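Beneath this line is the structure, given in structure tokens, with notes to follow.
The values are calculated or read from the model by the stated rules, or taken from the named source; none is laboratory data. All values derive from a computational prediction rather than experimental measurement. No Cβ is skipped: glycine too gets one built from the backbone with ideal geometry, and neighbour counts run over all protein chains shown.
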């Protein structure tokens, strides 16, 4: 499999019965979580430019989804159809606060959010530890970290992201994610207008 091959985006995207289907035909379960938004409960796997399978192995793409640069993450969510998008940092913060918390001085809350939002953790979010790819093409932290993009930039070259860290068994909110790094992606759709921030 060659990472970053273009996809045929002319195929219609279907959303029904708690599934959304991307232009490649990949099916993703979706769920309304406690924040009132509709979230994918599996990592995005659309084969679009600037997306990669961990270690360039197709089996890892099936296991973890693909890894996306910030711009390709944004595009990948939009390809799912009307209303689908990369979540904001505020939406991630609200989600994590409802499932444990991100209070800066409370590692206990960070650990609770990590445990509940991880695969089989009870919330149904099912985060998986898919690692990352650096701008030089090196892969690292598979089975040890899950890094998830937000759409919220902290400057022109970087954006906020969330880090599920297996070593500390905790979830961290971080800035400074270089946009040309490749992280995992979950897309979100607002069901009610008052959920937009």
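Numbers at a glance
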{"read-out": "Qualifying positions in region 84-116 - within 12 Å of residue 35 (Cβ to Cβ) and in contact (Cβ under 8 Å) with a residue 24 or more places away in the chain", "value": "87, 88, 90, 91, 92, 93, 94, 95, 96, 98, 99"}
{"read-out": "Residue list for region 67-83, restricted to those being in contact (Cβ under 8 Å) with a residue 12 or more places away in the chain, surrounded by fewer than 18 Cβ atoms within 10 Å (Cβ to Cβ) and over 22 Å from residue 134 (Cβ atoms)", "value": "81, 83"}
{"read-out": "Selection status of residue 86, under 15 Å from the mean Cα position of the chain (by Cα) and surrounded by 15 or more Cβ atoms within 10 Å (Cβ to Cβ)", "value": "yes"}
{"read-out": "Scan of region 66-97 for residues that are within 17 Å of residue 146 (Cβ to Cβ) and not in a helix (DSSP H, G or I), ordered by number", "value": "66, 67, 68, 69, 86, 87"}
{"read-out": "Residues of region 36-65 satisfying the condition of being surrounded by 21 or more Cβ atoms within 10 Å (Cβ to Cβ), touching a residue at least 40 places away in the same chain (Cβ under 8 Å), part of a loop (DSSP other than H, G, I, E, B) and in contact with a strand residue (DSSP E or B) (Cβ under 9 Å, 6 or more places away or on another chain)", "value": "43, 44, 48, 53, 65"}
{"read-out": "Hits in region 15-35 (condition: touching a strand residue (DSSP E or B) at 6+ places or on another chain (Cβ under 8 Å), part of a loop (DSSP other than H, G, I, E, B) and under 14 Å from residue 125 (Cα atoms))", "value": "18, 33"}
{"read-out": "Residue match in region 93-114 (condition: within 12 Å of the chain's Cα centre (by Cα) and closer than 18 Å to residue 161 by Cβ)", "value": "no"}
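Conditions (1) more than 11 Å from the chain's Cα centre (by Cα); (2) surrounded by fewer than 21 Cβ atoms within 10 Å (Cβ to Cβ); (3) modelled with pLDDT under 95, marked per residue:
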{"residue": "134", "(1), (2), (3)": "yes, yes, no"}
{"residue": "139", "(1), (2), (3)": "yes, yes, no"}
{"residue": "146", "(1), (2), (3)": "no, no, no"}
{"residue": "151", "(1), (2), (3)": "no, yes, no"}
{"residue": "154", "(1), (2), (3)": "yes, yes, yes"}
{"residue": "158", "(1), (2), (3)": "yes, yes, no"}
{"residue": "161", "(1), (2), (3)": "no, no, no"}
